[in-house]
Amino acid sequence: MTQSIVVQVGQCGNQVGCRFWDLALREHAHVNKKGIYDEALSSFFRNIDTRKNDGGASQITGGKISTLKARAVLVDMEEGVVNEILQGPLREVFDSTQLITDVSGSGNNWAVGHWTYGSAYRDQIVEQVRRAAEHCDCLQCFFLIHSMGGGTGSGLGTYVLKLLEEEFPEVYRIVTSVYPSAEDDVITSPYNSILAMRELTEHADCVLPVENQSLVDIVNKIRHMAHSGKGVSAIKKDCTVISSQGGVSGVEKPFDGMNNIVANLLLNITSSARFEGSLNMDLNEITMNLVPFPRLHYLVSSLTPLYTLADVNIPTRRLDQMFSDAFSKEHQLMRADPKHSLYLACALMVRGNVQVSDLRRNIERLKPTLPFVSWNQEGWKTGMCSVPPVGHTHALLALANNTCVRPTFMDLRERFGKLYRKKAHLHHYLQVEGMEQACFTEALSSLSSLIEEYSQLDATKGICMPDTSRLSIAT
Amino acid sequence: MSVVTVQLGQCGNQVGQEFFNVLCNDSSNAKDKHYKDCSHERFFREGPSQDLRARAVLIDMEPKVISQTIAKAVKSDKWRYGEKSHFCQKQGSGNNWANGFSVHGPKHEEVVQDLVRKEVEQCDRLTGILTMMSLAGGTGSGMGTYITQCLRDTYPHTSILNHVTWPYNTGEVIVQNYNSILTLSHLYQFSDAILVHENDAVHKICAQLMNIKHISFNDVNKVIAHHLGSTLQPVYSTSSSCYSRNPIGEFMSSLVNHPEYKLLSVRNIPQMSSTSLAYSVFHWPSLLKHLRQMLIANARMEEGIDWAVRARSVSISDKGRTTREPGFNKSLANLLILRGKDVSGAEIGGFKDPALYVPWLPVESAFSSWSSSVPFSGYEKSATLVSNSQSLLAPLNNMVGKAWNMFASRAYIHQYMKFAISEEDFLDSFTVLEQVISSYSQL
Ligand SMILES: Nc1nc2c(ncn2[C@@H]2O[C@H](COP(=O)(O)OP(=O)(O)OP(=O)(O)O)[C@@H](O)[C@H]2O)c(=O)[nH]1
Ligand SMILES: Nc1nc2c(ncn2[C@@H]2O[C@H](COP(=O)(O)OP(=O)(O)O)[C@@H](O)[C@H]2O)c(=O)[nH]1
Ligand SMILES: [Mg+2]
Ligand SMILES: [Mg+2]
């Protein structure tokens, strides 16, 4: 079994990260009733015997759980969020040595996060990540969680991404990036996002973009579901999808519902690597199947069922509904419409009581409604994990490499243009050591060429491409 | 007189486990002691407490499947795998053939060879090696190819049969066509024969013949295992009037009579759910008539056969041009295996019809038959036909076409280049397989 390390950077990164740790603990507690430190647990947690003072201890699986420690590095240049974690129910899961904080924050300035804090904390970050890596016997993947709009997650987060590539070139880097909504309260968020995008395009193996606006919409829909018709009690208490108990602190906070959705994304994407199934989908299969060209590695995700949460005995029709929903606009974690754009590739990761015949039936059913690029008409990848999420009989995560990411990127570029033409706030960036005007123009042209690459593919949609004439051989 | 099986990757291990289950159940229930002993000697050895141990080696690059497979065998309570006959690492090949072939293969060659050697040393005589894997993944296909190559060198005089699971046409691994063409083209160069099961065809058998509603990989694997068991369990050899001693060798010499043609498919009749089986009676003439038409019309099961297709190699149209009989599946060689009651009275002349075969081989070398009066797996009578025919031409052509389309845009090639497989290597594979396609189309 392999292990993964989560690197959570900035306010958003840490808040989402903590929802992940909370849900992961609950999921393992539910599956693992005997309290044994098993292989599945070992992928994200270390088992520490606190009575021994060497700090290392029972890495071997099969023994009793004593104290679980998250394989994580927490980075924030403000203390607030991290301090809250240290006072909350998850405090046991982190050692103080896993935390890297400063006091003054990045002031929503990518340049400060990236260059100022990057160079100041470089050694410390490398040191912490290395230590976490030493505790793994087969480190497979880094999960970086951050937001695009602020300063720390965006700037320092992408700096960390580069560090990971330098120090651990063999280890996969899967990045979860929270994109700002148009009404975001951070004025400089378009600058920060575009500067960060370039780093993501160049240094990540794949990026799971998540838009705050989509999260808000989904949370509202779940609330609406709960209040109409079935009544509040219809949604089960221990469901991991929206419940926020045991969060960063006792009380529910504004972002908790939204962050739970992102945490579930991470939980499901790793489920097939943690638990067994009749068709395993390991983390290294994600990029292999979904990334046909190295730069085009942005994967749009959707999670279903989101609001049939209360049902336990879901008949087959509902099962098929889960597959249909995964392709609808409303269920995407990004404001995007995959059905009306072009698929380069698509993965379906199912959990729970779903058989290969269910998958086949649904793929056959949905395939005609979805446009796929001419050279990948059969571009489907499937994984089956036998352990469902807590409180469900089954669940589906769909990951799409689809040209529908384009509008979000273009929108961002437009917002960037509005600020940049006026040179608004530019001096705050340019006065930071390491930052130059060229950083902006290069980031912008990197994004433009990314958009162009997606556009060119998108333009082939609906055009009937003849098969390439076959290789002729001397007969 | 024994066969050592090497199971590679998730698919190879899951299918292999069902295979041994079928073998063990069949032979344990057989009333004929010689059959039983012969089967046991062929596929099992005795464990420390006289229990049955499969003569098998389990290989995967991730640990989950191996531990599951071993546990399932233990649970059968009839047989198990050797205590130390498995090897795994911590992380799979990630569906990347190049990773399996260029990295894991060379790195673990020695360990795997060691494991195989230990099994071989426990055979009085080794008569064949059977490898099992899928075409679509990374470990089974990539590492499996590499390991087959090594085994070929180490056991130059032993027959090697590669059993491969052909991926569903759609919906499993996106780079499956790349992985498959790389595997097939390499295997083609050093394997003796490649025995193919297509997941789509077997899935249909589960749905239509076995009447299974929610088909799992388990169900699919049971059907594959049934086919393999009915092919490789002991048969009576009339020449020496005892159970045949070299099944895989004889299998090869019956079916692979020309080095250009190595792709084998299996058909089996009857097949049904155990509830239907209890109420069914079978007659040889009808079984064989169906089986023959399944061959001619290229059907994988007795349901939905096109009876209009006729065996005719060429027909001269009124304009004097030769045309091919539409839908006719021409064979190079066939091996018919009959098991059960009254086998000696079964009339098999229909399979000796020269119209089924190419003109340039005498029917005697194109057709062979084996039989055993021991019923197989609860079927009073059953017939299995292994064919070297045009049956796989369409799927292969389709697969190469899709891979070629993808290759034309160079999609995913960078993932292979990371592990030392170049565009040149791809082109070589395409060339080999276009040649195979051309050979089979010209039959
Ligand atoms: N019939 C059948 N096919 C299977 C089974 N498991 C996997 N497959 C097929 O095998 C292919 C995937 O290959 P795997 O065997 O999972 O891959 P692997 O050899 O373990 O290689 P990696 O996981 O990539 O390292 C797909 O075509 C699946 O349909 C099974 O139990 N039965
Ligand atoms: N989904 C989500 N978004 C957040 C959260 N916290 C902040 N954000 C978003 O992140 C951006 C600001 O970045 P933030 O993480 O606060 O800045 P940093 O601490 O400097 O990295 C804005 O777009 C916010 O809407 C959170 O907990 N969840
Ligand atoms: Mg902030
Ligand atoms: Mg595998």
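The values are calculated or read from the model by the stated rules, or taken from the named source; none is laboratory data. Everything numeric in this text was worked out from a predicted model, so none of it was measured. Positions of Cβ are backbone-derived with ideal geometry, glycine not excepted, and every protein chain shown enters the neighbour counts. Just the protein is used for accessible areas: all its heavy atoms, side chains included, with ligands, DNA and RNA removed. Shrake-Rupley method; radii C 1.70, N 1.55, O 1.52, S 1.80 Å.
Direction-averaged shadow area of the convex hull around the Cα atoms of chain B, nm²?
Dividing the Cα hull surface by four gives the mean projection, 21.5 nm².
Under a 5 Å amide H to amide H cut-off, with H placed in plane at 1.01 Å, what residues pair with B:Leu52 once short-range neighbours are removed?
So B:Leu52 has HN proximity to B:Gly47, B:Arg80.
Tell me the carbon and sulfur percent of the accessible area for the stretch B:2-266, rounded to whole percent, probe radius 1.4 Å.
Summing carbon and sulfur atoms, their accessible area is 48 percent of the total for the stretch B:2-266.
Once Lys and Arg get +1 and Asp and Glu get -1 on their Cβ, which of A:Val390, A:Val405, A:Met349 lies farthest toward the positive end of the dipole of the stretch A:294-438?
A:Val405
Please report the buried accessible area for the interface of B with A, total over both chains, probe 1.4 Å, in Å² to the nearest 100.
Summing both chains' loss of accessible area gives about 4300 Å².
Straight-line reach from A:Lys367: which aspartates and glutamates have a Cα under 12 Å away, not including same-chain ones fewer than 8 places off?
Partners within reach: A:Glu378.
If exposed means no more than 13 neighbouring beta carbons inside 10 Å and the site is in a DSSP loop, what's the longest run of chain A without any exposed GluC sites (Glu not before Pro)?
A:253-432
Once phi is turned into ³J(HN,Hα) by the Karplus curve 6.51 cos²θ - 1.76 cosθ + 1.60 with θ = phi - 60°, what whole-Hz value does each residue of the stretch B:374-391 show in order, with x for glycine and proline?
Working through the residues one at a time gives 7, x, 9, 6, x, 8, 4, 9, 7, 10, 10, 10, 9, 10, 9, 9, 7, 3 Hz.
How big is the dipole moment of the protein assembly as shown about its Cα centre under a simple scheme where the beta carbon of each Lys and Arg is +1, that of each Asp and Glu is -1, and everything else is neutral? Debye, nearest 20, please.
For the protein assembly as shown, the charge dipole is close to 2260 debye.
Run the simple label-point estimate for B:Glu260 and A:Ser445 please: 7 Å along Cα→C-beta, distance reported in nm.
5.5 nm
For B:Lys33, give me every one of the lysines with a C-alpha distance below 22 angstrom, ignoring sequence neighbours fewer than eight places off in its own chain.
B:Lys78, B:Lys341, B:Lys381
Just for the protein assembly as shown, what percent of DSSP beta bridges are antiparallel, to the closest 5?
So the antiparallel bridges in the protein assembly as shown amount to around 35 percent.
With a 1.4 Å probe on protein heavy atoms only, tell me which residues of the stretch B:175-212 lose at least 10 Å² of accessible surface in the complex relative to the chain by itself.
Buried by 10 Å² or more upon assembly, which counts only protein chains, are B:Val175, B:His203.
Just for the stretch B:269-389, what percent of DSSP beta bridges are antiparallel, to the closest 5?
Among the beta bridges of the stretch B:269-389, antiparallel pairing accounts for roughly 65 percent.
May I ask you to give the solvent-accessible area per residue for the protein assembly as shown, in square angstrom, as obtained with a 1.4 angstrom probe? Write down the numbers at each step before the final one.
Values: 33930 Å² over 918 residues.
Accessible surface, normalised per residue, equals 37 Å².
Can you give the charge dipole size of the stretch A:407-459 about its Cα centre, rounded to the nearest 20 debye, using +1 on the beta carbon of Lys and Arg and -1 on the beta carbon of Asp and Glu?
Numbers: 6 positive and 8 negative charges, 84 e Å.
It works out to roughly 400 debye.
With a 1.4 Å probe and all protein chains kept in place, how do A:Arg91, A:Arg173, A:Arg198 rank by accessible area, largest first? The partial results should precede the final answer.
Working: A:Arg91 120, A:Arg173 15, A:Arg198 55 Å².
The ranking, largest first, comes out as A:Arg91, A:Arg198, A:Arg173.
Considering only DSSP beta bridges whose two residues both sit in chain B, what percent are antiparallel, to the nearest 5?
Taking every DSSP beta bridge with both residues in chain B, the antiparallel ones total about 35 percent.
Stokes-Einstein at 10 °C, 1.306 mPa s, Kirkwood radius from Cα pairs: D for chain A in µm² s⁻¹?
69 µm²/s
Evaluate peptide A:355-364: per residue, the Cβ atoms of other protein chains within 10 Å of its Cβ; return the mean as an integer.
Across the residues of A:355-364, the mean count of other-chain Cβ atoms within 10 Å is 6.
Scan chain B and hand back the longest stretch that contains none of the chymotrypsin sites (Phe, Trp or Tyr not before Pro) lying in DSSP loops with at most 14 other Cβ atoms within 10 Å.
Values: sites that count: B:Tyr279, B:Trp307, B:Trp360.
Excluding the exposed sites themselves, the longest stretch runs over B:1-278.
Considering the convex hull of the alpha carbon atoms of the stretch A:301-405, report its projected area averaged over all viewing directions, in nm², one decimal.
Mean projected area of the Cα convex hull: 6.1 nm².
Summing Lys, Arg as +1 and Asp, Glu as -1, what charge do residues with Cβ under 11 Å from the Cβ of B:Phe190 carry, B:Phe190 excluded?
0
For the stretch A:429-475, state which residues have at least 50 Å² less accessible area in the presence of all protein chains than in their chain by itself, taking the probe as 1.4 Å and leaving out ligands, DNA and RNA.
A:Thr468, A:Arg470, A:Leu471, A:Ile473
With charges only on Cβ, +1 for K and R and -1 for D and E, what is the dipole size of the stretch B:269-389 about its Cα centre, in debye, rounded to 20?
Dipole size: approximately 300 debye.
Roughly speaking, to the nearest percent, how much of chain A's 1.4 Å accessible area is carbon and sulfur? Numbers along the way, then the final one.
Details: 9160 of 17550 Å².
Here it works out to 52 percent.
Taking K and R as +1 and D and E as -1, what net charge do the other residues with C-beta under 11 Å from the C-beta of A:His146 add up to?
-2
Can you compute the radius of gyration and Dmax for the stretch B:2-266, using only the Cα atoms, both in Å?
Cα-based Rg and Dmax for the stretch B:2-266 come out at 17.3, 51 Å.
With the solvent-accessible surface defined on protein heavy atoms using a 1.4 Å probe, which residues belonging to the stretch B:410-443 display a reduction of at least 40 Å² in accessible area in the multichain context relative to the isolated chain?
Output list: B:Tyr412, B:His414, B:Gln415, B:Glu434.
Can you find, among B:Ala403, B:Val436, B:Phe426, the residue farthest towards the positive end of the dipole of the stretch B:394-441? Put +1 on the C-beta of Lys and Arg, -1 on that of Asp and Glu.
B:Ala403
With equal scatterers on the alpha carbons only and no solvent term, can you work out the Debye log10 of I(q)/I(0) for the protein assembly as shown at 0.06, 0.08 1/Å?
Relative scattering, expressed as log10 I(q)/I(0), comes to -0.45, -0.78.
May I ask you to list the aspartates and glutamates whose Cα is less than 13 Å away from that of B:Lys84, ignoring any residue fewer than eight positions away on the same chain?
B:Asp114, B:Glu119
Residue by residue, what Karplus-based ³J(HN,Hα) values in Hz, rounded to whole numbers, does the stretch B:163-172 have, using 6.51, -1.76 and 1.60 with θ = phi - 60° and x for Gly and Pro?
After applying 6.51 cos²θ - 1.76 cosθ + 1.60, I find 9, 10, 9, 7, x, 3, 4, 8, x, 10 Hz.
With Cβ to Cβ distances under 15 Å as the rule, what net charge do the other residues near B:Asn329 carry (K, R +1; D, E -1)?
+3
Note down the accessible area of A:Thr116, probe 1.4 Å, to the nearest 10 Å².
70 Å²
Sort A:Val216, A:Val160 from largest to smallest accessible area, using a 1.4 Å probe on the heavy atoms of the protein chains. Intermediate values should be presented prior to the final figure.
Values: A:Val216 50, A:Val160 0 Å².
Largest accessible area first, the list is A:Val216, A:Val160.
Give the long-range amide H neighbours of A:Ala182: residues separated by 5 or more places, or on another chain, with amide H under 5 Å away, using H modelled in the peptide plane at 1.01 Å from N.
none
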